[in-house]
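Visitor: Quick one: the structure is below, and I'll ask about it shortly.
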Amino acid sequence: MAEETQVTAETGGRAPSRRSLLGWGGAGLALGAAAAGGAVAAVRTGDQAVPAADSGAAIPFHGTHQAGIASAVQDRLHFAAFDVKTKDRAELVQLLKDWTRAAERMAAGHAVGEGAFGGLEEAPPDDTGEALGLKPSRLTLTIGFGPSLFAKGRFGLEGKRPGALLELPAFPGDNLDPARSGGDLCVQACADDPQVAVHAIRNLARIGFGKVAVRWSQLGFGKTSSTTPEAQTPRNMMGFKDGTRNIAGTDNAALDRHVWVASKDGAGWLAGGSYLVARRIRMNIETWDRTPLKEQEDIFGRDKGEGAPVGKAKERDEPFLKAMLPTAHVRLAHPDTNDGAKLLRRGYSFTDGTDGLGRLDAGLFFLAYQRDVRTGFIPVQNSLARADVLNEYIQHVGSALFAVPPGVRDKDDWWGRALFS
């Protein structure tokens, strides 16, 4: 009854009929639904950190910035890049509105539309149903727009393409697979329950059927970066802590300086947003596992046990870069080596079976947010690509860049509204 009251309030006193929604073709949405999860325990605004211990809570969807950037990093990821198939601008706009309404509901732990059961037997249900009974699990959904969406002759957006939304340069050592790179749109789904994250992407893909198609996707586990510096830094698939100097999700000064796009940066519609670099980094696990411990530690510039920089005792001690080898990963990635460049990292480990030769297809799915890739990711990656000895054990095989719009302010707002206005 409480849910029915909410539906009536959201739809101006009238709950939408199931029959009225049959014209979706998989793309429309209504706000009425049965709850798919447990109690919602919203903590702060969508762009702020939520205590990681409250893994069943809901992170508020609305806010100045999109959730899933500065939010406390969840344990699981389902990332998907989409190609836009429709050529109709109005149809794309409607899809973004429909996706926004669906994302609002899923982030709160509710089913999409009228739910996974109880509707007309002659029609497919509105929700795929695999998250029924599950808590919100701190689900966040974050959308981004790729450079190709702004191509001339597509949707009339060429004049709004930001200067920083460029094609990333080819870095030394890259072996990029076009099938795992690029995309018109992306959605990053993070949650503490993998089924909740997969459910979110699956529903968006279903809603977009005929208008968008999944270009590539990536599942991730075991976060490799943290936006909560009071917590211990997670380890990557090589067994090392990396990124201990990550920007904290509560450090508003650092976020404003290094992550959030400002109005003065040249793209008014993107103010309050960010730029996301996604890189699929394959690790040569078998070779690494045969490398002596001392050599592993010299490669990273940290000890493997505590994660402390060379010559230091604790993982968060300020590193003395000159004590490391000139080729050490920490030294080459440090802001002092890159004119102060800082990234907000939200990477995840992945394992995708084997490569047919008995080698584990595993590594790091690198996700980094920044105010401008020209002063963020590009100089840092150039530094690493030229000299990092870790390159002997890794290879970048997928790559994409997206402009991430600001947050959805309220129920009347939608993903990308300022871009299409």
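Laboratory data are not the source of any read-out in this text; all were calculated from the coordinates shown. Since this is a predicted model, take the numbers as computed values, not measurements. Neighbour counts run over all protein chains shown; Cβ positions are idealised from the backbone, glycine included.
Visitor: For the pair Ser148 and Glu297, how long in nm is the line joining their label points, each one 7 Å along Cα→Cβ?
Guide: The answer from the label model is 4.6 nm.
Visitor: Quick one: if the Förster radius is 30 Å, what FRET efficiency do Phe221 and Asp355 give, using the C-beta to C-beta distance and rounding to 0.05? Walk me through the numbers before you get to the answer.
Guide: Working: r = 19 Å, r/R0 = 0.64.
Efficiency for this residue pair is about 0.95.
Visitor: Can you compute the label reach from Leu325? Point 7 Å from Cα along the Cβ direction, backbone N cut-off under 13 Å, restricted to region 282-310.
Guide: 291-302
Visitor: Oh, and also: Using the crude model of +1 on Lys and Arg Cβ and -1 on Asp and Glu Cβ, and no other charge, please compute the dipole size for region 67-189 relative to its Cα centre, in debye to 20. Display every interim value, and only then the final one.
Guide: Values: 14 positive and 17 negative charges, 112 e Å.
Here region 67-189 has a charge dipole of around 540 debye.
Visitor: Using a Gaussian network for the chain with springs between C-alpha atoms less than 10 Å apart, which of these wobbles most: Ala102, Ala313, Ala213?
Guide: Ala313
Visitor: Please name which of Val112, Leu149, Pro229 has its Cα lying farthest along the dipole of the chain towards the positive end, using unit charges on Cβ (Lys, Arg +1; Asp, Glu -1) and the Cα centre as origin.
Guide: Checking the options against the dipole of the chain, the answer is Leu149.
Visitor: PRE reach from Asp413 (point 7 Å along Cα→Cβ): which of region 65-89 fall under 14 Å by backbone N?
Guide: 65-68
Visitor: How big is the dipole moment of region 46-421 about its Cα centre under a simple scheme where the beta carbon of each Lys and Arg is +1, that of each Asp and Glu is -1, and everything else is neutral? Debye, nearest 20, please.
Guide: Numbers: 46 positive and 47 negative charges, 160 e Å.
Approximately 760 debye in magnitude.
Visitor: Can you find, among Gly183, Ser137, Ala123, the residue sitting farthest towards the positive end of the charge dipole of region 46-421, where Lys and Arg contribute +1 and Asp and Glu -1 at Cβ?
Guide: The residue sitting farthest along the positive end of the dipole is Gly183.
Visitor: Also, quick follow-up: Under 10 Å, Cα contacts only: if you run a Gaussian network model on the chain, which one of Thr86, Thr233, Thr140 comes out with the highest mean-square fluctuation?
Guide: Most flexible of the set in this elastic network: Thr86.
Visitor: Put a dot 7 Å past each Cα toward the Cβ at Arg235 and Lys85; how far apart are the dots in nm?
Guide: The answer from the label model is 4.4 nm.
Visitor: Suppose the chain between Ser55 and Ala248 were pulled fully straight at 0.36 nm per residue; how much longer would it get relative to their current alpha carbon spacing? It would help to have the intermediate numbers written out before the result.
Guide: Numbers: separation 193, 0.36 × 193 = 69.48 nm, distance 1.89 nm.
Contour length minus the Cα-Cα distance gives 67.6 nm.
Visitor: For region 46-421, with the dipole built from +1 on Lys and Arg beta-carbon atoms and -1 on Asp and Glu ones, taken about the Cα centre, which of Val310, Ser383, Leu204 lies farthest toward the positive end?
Guide: The one lying farthest along the dipole's positive direction is Ser383.
Visitor: Rounding to the nearest 20 debye, state how big the charge dipole of region 133-233 is about its Cα centre with +1 on each Lys and Arg Cβ and -1 on each Asp and Glu Cβ. Each step should come with its number before you reach the end.
Guide: On the way: 12 positive and 8 negative charges, 90 e Å.
Dipole about the Cα centre, nearest 20: 440 debye.
Visitor: Given the pairs Lys87/Lys223; Lys87/Lys342; Lys223/Lys322; Lys314/Lys342; Lys152/Lys223, which span a C-alpha to C-alpha distance of over 32 angstrom in this model? Walk me through the numbers before you get to the answer.
Guide: Values: Lys87/Lys223 37 Å; Lys87/Lys342 38 Å; Lys223/Lys322 29 Å; Lys314/Lys342 21 Å; Lys152/Lys223 38 Å.
Where the Cα-Cα span goes over 32 Å, the pairs concerned are Lys87/Lys223; Lys87/Lys342; Lys152/Lys223.
Visitor: In µm²/s, what is D for the chain at 4 °C and 1.567 mPa s, where D = kT/(6 pi eta Rh) by Stokes-Einstein and Rh is the Kirkwood radius from Cα pairs?
Guide: Details: Rh = 22.1 Å.
The calculation lands on 59 µm²/s.
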